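> Sharing a structure with you now.
The values are calculated or read from the model by the stated rules, or taken from the named source; none is laboratory data. If you're wondering where the values come from, they're calculated on a predicted model, not measured in any experiment. Because the Cβ atoms are built from the backbone with ideal geometry, glycine has one as well, and the counts that use them run over all protein chains shown.
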Amino acid sequence: MAGTPGLQGLPMERPRELFADPEFPADDSSLFSDGTSPLVRFRGAVMWMRPQEICQSPVLIPDDPEESHAKQGLLGDCWFLCACAILLKNKHLMDKVFPLGQPLWGEHGYEGSFHFRFWQFGKWVDVQVDDRLPCIGTQLCFSRCYSPSAFWVALLEKAYAKLNGSYEHLWAGQVAEALVDLTGGLAERWSLRKSGNEEERHGEVEKGRRRFNIKHLQAVKGLCAVSGSVHSTPGGASELGQYHAMSLTEWVDVRPKEEEEVCLLRVRNPWGRRSWRGSWRENGERWKQLDPACALDLLGRTQEGEFWMEETEFLEEFDEVTVGYPISSQGYVQSICTGRELPHSHQVGGCWIKGHSSGGCRNSSSFTSNPKFWLQMSEPGEVLVSLLQHRSWRNTAHSQGPGSSYRPLGNSTEHDFQYQAIGLHIWKVKKESSDLARTLNRPPTVSTHCHAYEREVVVQAQLSAGFYLVIPSTYFQGVEASFLLRVFSSAPLTLSAMRTPPPPALASQDGEWETHCSQGSWVLGASAGGSRNFASHRMNPHVPLTVSLRCSEPNVKISLCQHCPPKAFLPIGFHVYKVPEGLAEPQITQDQEPQASCVPHCYAQEVSLQCYLSPGAYVIVPSTYHPDCKADFTVTVARKVLRKVVKSQETLGHIVQEVSVCTFTFG
């Protein structure tokens with residue numbers, strides 16, 4: 001506007017540059033890992049486009065709820081899409097996973113990036129991605145909403161792919177795992193192929209394991225997420241023979257003419273096709289046996305990709321069923337057995353260590369060496385106990401992410417290699433006079449059905465007030481893994497670790513080994529100094545160590561264990577420096593050389609070193625390779641001391657003792 005004061009000569013505002021994620025770039029490194037999935041045939045055919053380049057008016061979630069559902073593309077992640085359905089049932093969860101207040105397309109502040117949150121091993125983690133999405137031509141090539149202008153599914157899928165290392169790492173997986181990652185709650189999986197003879201041998205309802213029955217979910221109908229998976233030869237559903245998962249969206253009881261009542265299930269196929277060829281298919285003969293108004297109503301409820309089938313047909317066609325526990329509007333897990341909110345929860349981590357706390361199952365005499373926990377119920381209540389293990393990824397020479405990108409939807413040898421077979425046993429005890437050996441000779445109060453190659457196993461029980469001994473275990477002794485023990489209850493409770501026996505003393509004429517642990521954290525801007533390549537190395541935590549024994553063999557063993565999921569491992573290592581004796585808080589100097597080192601830094605849960613140190617004062621400086629990397633850790637030190645091992649013929653049962661864990665942060 002010529003002649004308007006103050007506007008002439010002002011520079012034009014430059015368009016804001018949109019965010020481009022350097023950690024998950026728009027290229028093949030984000031699509032592929034090791035090229036073992038069918039996705040590799042699209043190498044070179046994928047281009048990346050932002051939503052405003054794909055359609056004229058992009059939105060996150062459409063107004064029509066039916067248009068919000070996920071439709072599967074070229075990626076084999078039906079298991080993830082079945083889990084996503086629970087977000088559409090629960091606004092609290094949707095807001096948790098996709099935090100409110102993020103500017104969308106066309107809004108002020110839009111920068112081309114979005115933040116999502118996923119639950120990972122006990123805490124919610126933030127994942128930021130840009131909104132460049134993989135396309136072939138001008139169409140999204142992976143998952144999308146039924147509405148072509150809605151993008152919440154495609155963006156969530158991208159964030160989950162980044163969390164897992166690549167899109168290819170989403171090819172095949174378990175619905176239960178995705179449900180837990182999206183809700184922070186629980187999910188259970190039932191094999192429908194084991195509900196016959198095996199169940200009969202153990203009883204129809206065994207402690208800690210219930211036979212699946214859709215009617216048992218009546219209390220949480222419409223709130224929980226239910227899906228069926230198949231990994232066997234198909235029957236009436238032609239597409240089910242391809243390791244496929246489908247969502248169960250509704251079930252109703254109907255009464256055909258001159259027949260008993262039957263249960264009909266409405267099933268959604270993520271591919272968007274009605275693949276059912278059974279008697280309740282569209283225009284099937286069975287609909288004529290219903291009241292016309294009832295039949296018209298039920299058929300009118302089906303959307304694209306949905307069909308009805310009888311419960312008996314469902315149990316015959318599908319190999320397993322997965323149920324995700326509902327989360328209430330207050331954020332509490334709800335029991336799928338009773339519908340009751342379980343507002344009281346606790347969690348504690350642990351690990352099975354070979355030669356120390358990896359005692360195997362109850363078939364082994366070393367079972368008593370497994371980690372043990374106190375569970376105290378202040379009053380009777382419903383309790384869910386979950387044992388969640390870290391996935392044991394297998395490294396390959398050509399992948400920086402998890403070594404095996406194939407996460408099968410059903411059982412397979414590949415799946416067994418990635419997980420340990422885990423189980424849970426719980427005994428009611430009198431804490432003040434609990435003899436461990438006598439307790440474990442009794443049948444447990446509640447336990448898992450068996451040790452299973454699962455990421456997580458869950459037991460449900462009604463427990464009376466009192467103390468309980470909880471023992472998580474692997475089936476085989478000597479295997480190593482870390483785990484998270486979680487408890488959800490309708491009544492107040494406490495959960496704490498118990499003292500475990502120290503590692504066996506090594507035979508030596510010079511004395512015995514004494515072990516102690518120190519827990520700490522690398523804190524951004526305070527104690528995350530990185531390796532010796534960086535000037536900030538001295539900021540790292542200092543763990544004091546005093547050596548008193550002079551001998552001709554190694555007298556110190558040090559291990560550093562980081563506490564994070566395998567896919568989030570940081571390269572870790574440590575150095576041992578000598579310091580003046582008598583200082584309360586000894587510090588190292590800038591150019592000081594270490595007396596011993598555990599390097600190079602390794603992407604491993606635990607690194608260790610055995611060495612000889614002359615008598616004196618030392619500090620152990622654990623570090624990540626790069627500075628400003630946040631994580632928790634434990635340093636375990638075993639040192640020889642001048643104390644003879646006392647041998648005795650007297651025997652005494654192991655007394656269960658509560659241990660007080662003091663966690664501190666180095667600053």
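Matching residues to (1) charged (D, E, K, R); (2) at pLDDT below 95; (3) closer than 30 Å to Gly359 by Cα:
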{"residue": "Pro472", "(1), (2), (3)": "no, no, yes"}
{"residue": "Gln477", "(1), (2), (3)": "no, yes, yes"}
{"residue": "Ser482", "(1), (2), (3)": "no, yes, yes"}
{"residue": "Ser490", "(1), (2), (3)": "no, no, no"}
{"residue": "Pro503", "(1), (2), (3)": "no, yes, yes"}
{"residue": "Thr515", "(1), (2), (3)": "no, yes, yes"}
{"residue": "Lys567", "(1), (2), (3)": "yes, yes, yes"}
{"residue": "Gly573", "(1), (2), (3)": "no, yes, yes"}
{"residue": "Gln587", "(1), (2), (3)": "no, yes, no"}
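> Go through segment 253-262 and report how many residues are loosely packed, with under 15 Cβ neighbours inside 10 Å and part of a strand (DSSP E or B). Before the answer, list the steps.
The first filter runs over segment 253-262 and keeps only residues loosely packed, with under 15 Cβ neighbours inside 10 Å, leaving 253, 255, 257-261.
Those still in the list that are part of a strand (DSSP E or B) too: 253.
Here the count works out to 1.
> Let me ask another. Which residues, counting only those in segment 322-334, are touching a strand residue (DSSP E or B) at 6+ places or on another chain (Cβ under 7 Å) and either of a type in the set (Val, Ile, Thr) or modelled with pLDDT under 95 (or both)? Show your work before the answer.
As a first pass, look at segment 322-334 and keep what is touching a strand residue (DSSP E or B) at 6+ places or on another chain (Cβ under 7 Å): 322-328, 332-334.
Listed by number, the residues that qualify are Thr322, Val323, Ile327, Ser328, Val333.
> Which condition does Gly76 not pass, out of (1) modelled with pLDDT of 90 or more; (2) surrounded by 14 or more Cβ atoms within 10 Å (Cβ to Cβ); (3) in a loop (DSSP other than H, G, I, E, B), if it passes all the others?
(1)
> So which of Val543, Val579 ends up being under 38 Å from the mean Cα position of the chain (by Cα), crowded, with 16+ Cβ neighbours inside 10 Å and aliphatic (A, V, I, L, M)?
On the way: Val579 fails: under 38 Å from the mean Cα position of the chain (by Cα).
Step by step, each of Val543, Val579 is checked, and only Val543 is under 38 Å from the mean Cα position of the chain (by Cα), crowded, with 16+ Cβ neighbours inside 10 Å and aliphatic (A, V, I, L, M).
> While we're looking at this one, here's another question. Return only the number of the condition from (1) part of a loop (DSSP other than H, G, I, E, B); (2) in contact with a His (Cβ under 6 Å, 6 or more places away or on another chain); (3) hydroxyl-bearing (Ser, Thr, Tyr) that Ser552 does not satisfy.
Result: Ser552 passes all but (2).
> Of the conditions (1) surrounded by fewer than 21 Cβ atoms within 10 Å (Cβ to Cβ); (2) over 20 Å from the mean Cα position of the chain (by Cα), Gly349 satisfies every one except a single condition; which number is it?
(2)
> How many residues, within segment 557-593, are touching a strand residue (DSSP E or B) at 6+ places or on another chain (Cβ under 6 Å) and in contact (Cβ under 8 Å) with a residue 60 or more places away in the chain?
Result for segment 557-593: 12.
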